[in-house]
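Report on one structure; see the data block that follows.
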Amino acid sequence: IASDADPLVWRLVADHLDGVHRLLDGDPVQAAFDARARALLAPQMARVGFAARPGERADISQLRETLIETLGIFGDAQVADAARRLVAGGLDAIPGSVRTAILSVFARNATPQEWEMLHQAARAEKNPSVQRVYWLSLGDTRDAALAQRALDLVLSDELTVPNRAALLRSVSLEHPALAFDWAVAHEQP
């Protein structure tokens, strides 16, 4: 695939690599696959950058969002560091076009203190659409203890019913066994 191929092609590549990554979950070859995927996608991230350029086409913006999310899943340190810097600059300063992806990467790599900061931001947010992004991000964590905390929120009154279901789904993507066990334990007759 040419490095200057259409952004749609690179979005498809990133989506397929993400699918393979998920299939390899826990397999010893996953780390090597992720490293190769990072090496393949990093030049595209460098090409599109983290911020939109004046007059930029919509498909490039969409590629940027996909690359941030996918490279975050693959554990790209540069993307994780950029997400931390952007969040540290204030959640309102993150461009709306990449906010969901940035918050997902941030939460995926969050310390317990960072996760709690995001939790408090979700609680304080008045805009339901933005608040939903915050809630769902909490479930993207790699940390099993933080994922359990996200599942505990599903039983609370902090979230709307649709956001509870979405948060459970979010946790299940990164921690399927944990989410399944939680759902079985909280099944209502």
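Keeping all protein chains in place, calculate the accessible area per residue for the chain (probe 1.4 angstrom), answer in Å².
The answer is 52 Å² per residue.
Only sites in a loop by DSSP and with at most 10 other Cβ atoms within 10 Å count here; which trypsin sites (Lys or Arg not before Pro) in segment 110-189 make the cut?
Listed in order of number, the matching sites are Lys126.
Can you give the extra length, in nm with one decimal, that the chain gains between Ala144 and Phe33 once fully stretched, where that is 0.36 nm per residue apart less the Cα-Cα distance?
37.7 nm
In debye to the nearest 20, how big a dipole does the chain give about its Cα centre with +1 on each Lys and Arg Cβ and -1 on each Asp and Glu Cβ?
Approximately 440 debye in magnitude.
Could you give the distance between the Cα centres of segment 136-189 and segment 26-72, to the whole Å?
27 Å
Accessible area of the chain with a 1.4 Å probe: how many percent of it is carbon plus sulfur? Don't skip to the answer; put the middle values down first.
Values: 5700 of 9820 Å².
Answer for the chain is 58 percent, counting heavy atoms of protein chains only.
Pull out the extension gain between Arg169 and Gln113, defined as 0.36 nm times the separation in residues minus the alpha carbon to alpha carbon distance; nm, one decimal.
Stretched fully, the Arg169-Gln113 segment lengthens by 17.9 nm.
With the crude spin-label approximation of a point 7 Å out along Cα→Cβ, what separation in nm comes out for Ser129 versus Leu40?
3.4 nm
Can you compute the FRET efficiency between Ala77 and Arg22 using 1/(1 + (r/R0)^6), with r the Cβ-Cβ distance and R0 = 25 Å? Round to the nearest 0.05. Write out the running numbers ahead of the final one.
Numbers: r = 21 Å, r/R0 = 0.82.
Between Ala77 and Arg22 the formula returns 0.75.
Compute the distance in nm between two label points, each set 7 Å from the Cα along the Cα-to-Cβ direction, one at Ala88 and one at Ser156.
Result for the modelled spin labels: 2.6 nm.
With Cα Rg over 2.2 N^0.38 Å as the read-out, I listed [x] 1.05; [y] 1.01; [z] 1.23; which label goes with the value calculated from this structure?
[x]
If I stretch the segment between Ile1 and Ala58 completely, what's the gain in nm (0.36 nm per residue apart, minus their alpha carbon distance), one decimal?
18.4 nm
The values are calculated or read from the model by the stated rules, or taken from the named source; none is laboratory data. Bear in mind that the values here come from a model prediction, so they are computed numbers and not experimental data. Virtual Cβ from ideal backbone geometry, glycine too; neighbours counted across all protein chains shown. In case anyone asks, the SASA skips ligands and DNA or RNA and just uses the protein heavy atoms, side chains included. Shrake-Rupley method; radii C 1.70, N 1.55, O 1.52, S 1.80 Å.
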